[in-house]
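Heads up: the structure comes next, in structure tokens.
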Amino acid sequence: MRLGTLAEGGLAPAIMAIVELGVARRPEQARALGIEVELRMEESYPPVRIVFEPEVVLVEDGPGSAPALRISGALSDLVALLVTPLWGGVPNPIDARGRAALGMFASRRVRIQGRVGLMRSFLGVIGL
């Protein structure tokens, strides 16, 4: 794990703490992911760029250069999504937090640009 460029008021250190837990639990999946993810908050926070490479995961403030996956929404919704329990790479509908996360997608409070399979893989790596 590596913390890259930081911006004033940026959230990269906080997001890194969440990502780091998942990467520590699933290092092989993290190494194999090989994508760039951009998290965009509706509030005035700078976007967070997460790059999964075979040797290191980089988390930094700033837009992605060519993200394969872009996830946008309110900060509270994005954090809830990142820590929701999963089942098969998707939010677990049996758990209340999983149902809430599925509702965020259905209501378009959280928006995804990129392949759904990449989203499942990303959540599978960082999920708790």
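FYI, it's all coordinate maths here, none of it is from the lab. Owing to the predicted nature of the structure, the values given are computational and were not obtained by experimental measurement. Cβ coordinates were reconstructed from backbone atoms using ideal geometry, including for glycine residues, and neighbour counts include every protein chain displayed.
Remarks
- Residue list for the range 55-82, filter: out of contact with any strand residue (DSSP E or B) (no Cβ under 8 Å at 6 or more places or on another chain) and under 21 Å from G117 (Cβ atoms): L82
- Residue within the range 92-101 that is within 23 Å of G9 (Cα to Cα), out of contact with any Phe, Trp or Tyr (no Cβ under 8 Å at 6 or more places or on another chain) and crowded, with 21+ Cβ neighbours inside 10 Å present: no
- Failed item, numbered, when V37 is tested on (1) assigned to a loop (DSSP other than H, G, I, E, B); (2) within 13 Å of the chain's Cα centre (by Cα): (1)
- Pairs where the first residue, in the range 1-25, is without any contact (Cβ under 8 Å) to a residue 40 or more places away in the chain and in a loop (DSSP other than H, G, I, E, B) and the second is of a type outside the set (A, V, I, L, M) and surrounded by 15 or more Cβ atoms within 10 Å (Cβ to Cβ), C-beta under 8 Å, 6+ apart: G9/Y45; G9/P46
- Within the range 54-111, being outside any loop (DSSP other than H, G, I, E, B), farther than 23 Å from L6 by Cβ and among the β-branched types (V, I, T) holds for one residue alone: V90.
- Looking across A74, A66, one residue alone is exposed (fewer than 13 other Cβ atoms within 10 Å of the Cβ) and either of a type in the set (G, A, S) or in contact (Cβ under 8 Å) with a residue 60 or more places away in the chain (or both). It is A66.
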